[in-house]
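Peer 1: The structure under discussion is supplied below as structure tokens; questions concerning it will follow.
Here, each number is a calculation from the coordinates, and none is a lab measurement. Worth saying up front: this structure is predicted, and the values here are computed from it rather than measured. Quick reminder, even Gly has a Cβ in these numbers, built from the backbone with ideal geometry, and neighbours come from all protein chains shown.
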Amino acid sequence: MARIDLFKQHLQEKKAVKIIAGIDNFDIQNIKKVVTSAENSGASAVDICAKEEIVKEIRSITELPLFVSSIVPQELVRAVELGADAIELGNFDVLYKKGISFNAKEVLNLVKETLTMLNGKEIFFSVTIPGEIAVSEQIELARELEVLGIDLIQTEGHFSKDSQADGVRGLMERAELTISNTLELTRNIELPIMTATGINPTTAPFAFAAGASAIGAGSCINKMDSTLSMMATIKKLVEIAEKNASKTLELV
């Protein structure tokens, strides 16, 4: 069985959990801790940056399905050559922090360029829909991506420098946009949706309730110092995902 089949199975069962080391995280020791914690805690996949030496090293230490994220088509294609099981066009947060944004046309053109460079090579392909473009544009972009044969849509929220509320309210504020985008997209397209940005054990149940087939969790994991803490949080996310799968099965 191919490694990516585990993720596909979890996606179909609406219980996929992708742990995100970070598109701009080049700290190999931190990435190793994140990946090891994910593998030991029942996660469905891990997602790392596209830096070549990092992809090589992480591929050599894990059998988990490996996503590689970038906004550069050449880097995504190279990641496939290095053993990535899936590619992710997106995770734009790092660019928002620099004042750079993407519109639907730009994302679509990058996807088409990547597909052309892949030259028919089969690879699981996920695309992030920019979270702050109009909902109607998100839906139209998702439909165009579906026609192109993209496998998974990832929603996102937004990066904000403004201070947020403390406690649960702050956590919900950060995830509010990505969850609402998930709800809009699941109503309008057939592709499975992964909800990311601000996803943690508090917000994950709301993502699944909005119709997500998968969640992507990053900062609530990769900013921790302790492997034990990482594992505890990932196990909680996996537990939430399993409960969603059970509920989904009961409704069938």
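Peer 1: For the pair E52 and D225, what calculated FRET efficiency results from E = 1/(1 + (r/R0)^6), where r is the Cβ-Cβ distance and R0 = 35 Å, to the nearest 0.05? Before the final figure, lay out the partial values.
Peer 2: Values: r = 27 Å, r/R0 = 0.78.
Efficiency, from the Cβ-Cβ distance: 0.80.
Peer 1: So for each of 108-115, 36-43, 197-204 I average, over its residues, the number of other beta carbons within 10 Å; can you give me the resulting order with the highest mean first?
Peer 2: On the way: 108-115: 17.6, 36-43: 20.5, 197-204: 23.5.
Per-residue Cβ counts within 10 Å, averaged per peptide and sorted highest first, yield 197-204, 36-43, 108-115.
Peer 1: Return the calculated 222 nm mean residue ellipticity for the chain, to the nearest 500 deg cm²/dmol, obtained by summing -39500 (n - 2.57) across DSSP H runs with n ≥ 4 and dividing by the residue count.
Peer 2: -15500 deg cm²/dmol
Peer 1: Rounded to the nearest 0.05, what FRET efficiency is calculated for Q74 and K105 with R0 set to 25 Å and r the Cβ-Cβ distance? If you can, show how the numbers build up before the last one.
Peer 2: Working: r = 20 Å, r/R0 = 0.80.
Rounded to the nearest 0.05, the efficiency is 0.80.
Peer 1: Next question. Taking the number of other C-beta atoms within 10 Å as the exposure measure, put S70, S101 in order starting with the fewest.
Peer 2: Ordered from fewest to most neighbouring Cβ atoms within 10 Å, S70, S101 come out as S101, S70.
Peer 1: Another question, if that's okay. I want to check the label-to-label distance for E146 and D27. Put each point 7 Å from Cα in the C-beta direction and report it in nm to one decimal.
Peer 2: So the two model labels end up 4.0 nm from each other.
Peer 1: Among DSSP beta bridges whose residues both lie in the chain, state the antiparallel percentage, nearest 5.
Peer 2: Counting only bridges with both partners in the chain, antiparallel ones make up about 0 percent.
Peer 1: On to the next question. Where does each of M230, M224, M117 land when they are ranked from fewest to most other beta-carbon atoms within 10 angstrom?
Peer 2: By the 10 Å Cβ count, ascending: M117, M224, M230.
Peer 1: Using only Cα atoms, locate the centre of region 215-240 and the centre of region 9-45, then give the distance between them in Å, rounded to an integer.
Peer 2: After rounding, the separation between the Cα centres reads 9 Å.
Peer 1: For the cross-link pairs K14/K112; K8/K98; K51/K243; K112/K235, which exceed 32 Å when the distance is taken from alpha carbon to alpha carbon?
Peer 2: K8/K98; K51/K243; K112/K235
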